[in-house]
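*Asks:* Next up is a structure, given as structure tokens.
The values are calculated or read from the model by the stated rules, or taken from the named source; none is laboratory data. Given the structure is predicted, the values throughout are model-derived calculations rather than measurements. Backbone-built Cβ (ideal geometry, glycine too); neighbour counts: all protein chains shown. Keep in mind that these areas ignore ligands, DNA and RNA; they rest on the heavy atoms of the full protein, side chains included. Shrake-Rupley method; radii C 1.70, N 1.55, O 1.52, S 1.80 Å.
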Amino acid sequence: MNNLNVAKIQLNGDSYEINNGTNLSKLLNKLKIQTNKVAIEVNGEIIERNKYQNLILNKDDKVEIVHFIGGG
Amino acid sequence: MEDIFTIANKNFNSRLIVGTGKYKNFEETANAVKASGAEIVTVAVRRVNILNKDQPILMDYLDPKSITYLPNTAGCYSSEEALRTLRLAREMGGWRLVKLEVLGDKKTLYPNMIETIKSTEVLVKEGFEVMVYCTDDPIMTKKLEDSGACAIMPLGAPIGSGLGIQNKMNIKLIKEQSVVPVIVDAGVGTASDATIAMELGCDGVLINTAIAEAKNPILMAYAMKHAVIAGRKAYKAERMKKRKYGSASSPQSNLI
């Protein structure tokens, strides 16, 4: 079913539905992710933290949210 | 007497760097790090688990304000992947001091030095301070140093193998010719291996698996701390000369 108000993006490799017009800040909010503990790439480009608010996500955007985990 | 360990103009007291992978949980990780006395820990960059947001995160257990995080590029097999990873790490919190590791083979986890040197050059240009995991080949480590690496980190043996330092002569040669710190990264299996690395003159040791996979990781972390200190002090003390035959320790005169 096509819903005009939602768009599908690729979030960390999986399909994810967002409302049209969602910006990065809103997405993080919804995911309950603290911005100071992650870094984000949209379509292969690193997005600076102060640009989250203004970056509106579009259909098929590839979003990667990463953080630090244990490693050697 | 103070014996400060300096990397990229930052001073440290501990010459042991520990990895934070392979532990049972973050609590064990934090306890092992504490027991090791390490002031620098390596960390990996990975995707956030979107579905399970309640999972604990490393930063809640190891505060990056009180311990130096050294983001690594573990699992990267090309310069492109490694650069992407470290640029993301820098964005996360301004980390400029990083560990570069570009692997060339999935079985041995041996470094791909061509990609490693290429990546070092780019990262240095971008303002990173790059500590580089590398082969124990003195020609390659010289090239890395010329490319601007802030520390040379040759393997003692393959990552996670615990085989100990396989080519002591090379490690010694690398230390002798290097201006930047030389840190044995990978291959340490137990405390004596760490001591040997330090006795060879290395400036530090990086250990993960030998601590994490010990039956008692906290106790092994403590052992490693002391092994590194012992090796360093023995190196500074300058060991006795080896002799072919015995030399009595008690005076030979006035025997009864």
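*Asks:* If a residue must be open to solvent by 50 Å² or more (accessible area, probe 1.4 Å), touching a Leu at 6+ places or on another chain (Cβ under 9 Å) and not hydrophobic (A, V, I, L, M, F, W, C), how many such residues does region A:27-49 contain?
*Replies:* Qualifying residue count, region A:27-49: 2.
*Asks:* I'm trying to understand the selection: among the residues of region B:121-180, which are within 14 Å of another protein chain (Cβ to nearest Cβ), closer than 18 Å to B:ALA82 by Cα, open to solvent by less than 50 Å² (accessible area, probe 1.4 Å) and not aromatic (Phe, Trp, Tyr)?
*Replies:* Within region B:121-180, B:MET131, B:MET153 qualify.
*Asks:* Criterion first (touching a strand residue (DSSP E or B) at 6+ places or on another chain (Cβ under 7 Å), within 9 Å of another protein chain (Cβ to nearest Cβ), under 26 Å from B:PRO158 (Cα atoms) and not in a helix (DSSP H, G or I)) does B:ALA74 satisfy it? Full working, then the answer.
*Replies:* Numbers: touching a strand residue (DSSP E or B) at 6+ places or on another chain (Cβ under 7 Å): yes; within 9 Å of another protein chain (Cβ to nearest Cβ): yes; under 26 Å from B:PRO158 (Cα atoms): yes; not in a helix (DSSP H, G or I): yes.
For B:ALA74, the condition - touching a strand residue (DSSP E or B) at 6+ places or on another chain (Cβ under 7 Å), within 9 Å of another protein chain (Cβ to nearest Cβ), under 26 Å from B:PRO158 (Cα atoms) and not in a helix (DSSP H, G or I) - is met.
*Asks:* Collect the residues in region B:181-227 that are within 21 Å of A:GLY71 (Cα to Cα), part of a loop (DSSP other than H, G, I, E, B) and free of Cβ contacts under 8 Å to residues at least 40 places away in the same chain, keeping them in residue-number order.
*Replies:* B:GLY187, B:VAL188, B:GLY189, B:THR190, B:ALA214, B:LYS215, B:ASN216 - these are the residues of region B:181-227 that are within 21 Å of A:GLY71 (Cα to Cα), part of a loop (DSSP other than H, G, I, E, B) and free of Cβ contacts under 8 Å to residues at least 40 places away in the same chain.
*Asks:* Please count how many residues of region B:34-71 are open to solvent by less than 60 Å² (accessible area, probe 1.4 Å) and in a helix (DSSP H, G or I).
*Replies:* Pass one, region B:34-71, residues open to solvent by less than 60 Å² (accessible area, probe 1.4 Å): B:35-45, B:48, B:50, B:57-59, B:62, B:64, B:67-71.
Now restrict to residues that are in a helix (DSSP H, G or I): B:35-36, B:58-59.
Count: 4.
*Asks:* Across region B:105-120, what is the total count of residues that are crowded, with 19+ Cβ neighbours inside 10 Å and among the charged types (D, E, K, R)?
*Replies:* 1
*Asks:* Got at least one residue in region A:5-23 being more than 12 Å from the chain's Cα centre (by Cα) and either surrounded by 16 or more Cβ atoms within 10 Å (Cβ to Cβ) or of a type in the set (D, E, K, R) (or both)?
*Replies:* yes
*Asks:* Show the residue pairs meeting these rules: Cβ distance below 6 Å; 6+ apart or different chains; first residue within region B:8-22 and away from chain A (no Cβ under 14 Å) and touching a residue at least 24 places away in the same chain (Cβ under 8 Å); second residue open to solvent by 20 Å² or more (accessible area, probe 1.4 Å) and in a strand (DSSP E or B).
*Replies:* That search, which allows pairs on different chains as well, returns B:ALA8/B:GLU129.
*Asks:* While we're on this one: Just give me the residues in region B:101-115 being touching a helix residue (DSSP H, G or I) at 6+ places or on another chain (Cβ under 8 Å) and farther than 20 Å from B:ILE40 by Cβ, in sequence order.
*Replies:* Matches in region B:101-115: B:VAL102, B:GLY104, B:MET113, B:GLU115.
*Asks:* Which is within 14 Å of another protein chain (Cβ to nearest Cβ) and either over 24 Å from B:VAL43 (Cβ atoms) or open to solvent by 50 Å² or more (accessible area, probe 1.4 Å) (or both), of B:GLU213, B:GLU199, B:GLU238?
*Replies:* Selected residue: B:GLU213, the only one of B:GLU213, B:GLU199, B:GLU238 that is within 14 Å of another protein chain (Cβ to nearest Cβ) and either over 24 Å from B:VAL43 (Cβ atoms) or open to solvent by 50 Å² or more (accessible area, probe 1.4 Å) (or both).
*Asks:* Report, by residue number, each residue of region B:40-60 that is facing chain A (nearest Cβ under 7 Å), over 28 Å from B:ILE4 (Cβ atoms), of a type in the set (A, V, I, L, M, F, W, C) and over 20 Å from the mean Cα position of the chain (by Cα).
*Replies:* Of everything in region B:40-60, those that are facing chain A (nearest Cβ under 7 Å), over 28 Å from B:ILE4 (Cβ atoms), of a type in the set (A, V, I, L, M, F, W, C) and over 20 Å from the mean Cα position of the chain (by Cα) turn out to be B:VAL48, B:ILE50, B:ILE57.
*Asks:* Still on this structure, please answer the following. How many residues, within region B:1-33, are more than 17 Å from B:ALA74 (Cβ to Cβ) and either among the hydroxyl-bearing types (Ser, Thr, Tyr) or not in a helix (DSSP H, G or I) (or both)?
*Replies:* 18
*Asks:* Within region B:88-113, track down each residue that is free of Cβ contacts under 8 Å to residues at least 40 places away in the same chain, part of a loop (DSSP other than H, G, I, E, B) and either of a type in the set (Val, Ile, Thr) or under 15 Å from B:LEU144 (Cα atoms) (or both).
*Replies:* B:GLU101, B:VAL102, B:ASN112
The rows are residues; the columns are (1) in contact (Cβ under 8 Å) with a residue 40 or more places away in the chain; (2) out of contact with any Asp or Glu (no Cβ under 9 Å at 6 or more places or on another chain); (3) facing another protein chain (nearest Cβ under 9 Å).
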{"site": "A:LYS8", "(1), (2), (3)": "yes, no, no"}
{"site": "A:SER25", "(1), (2), (3)": "no, yes, no"}
{"site": "A:LEU28", "(1), (2), (3)": "no, yes, no"}
{"site": "A:ASN36", "(1), (2), (3)": "no, yes, yes"}
{"site": "A:GLY44", "(1), (2), (3)": "no, no, yes"}
{"site": "A:ARG49", "(1), (2), (3)": "no, no, yes"}
{"site": "A:HIS67", "(1), (2), (3)": "no, yes, yes"}
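*Asks:* Residue pairs, Cβ under 6 Å, 6 or more apart or interchain, first in region B:228-245 and β-branched (Val, Ile, Thr), second in a loop (DSSP other than H, G, I, E, B). List them.
*Replies:* Cβ pairs passing all conditions: B:VAL228/B:ARG15.
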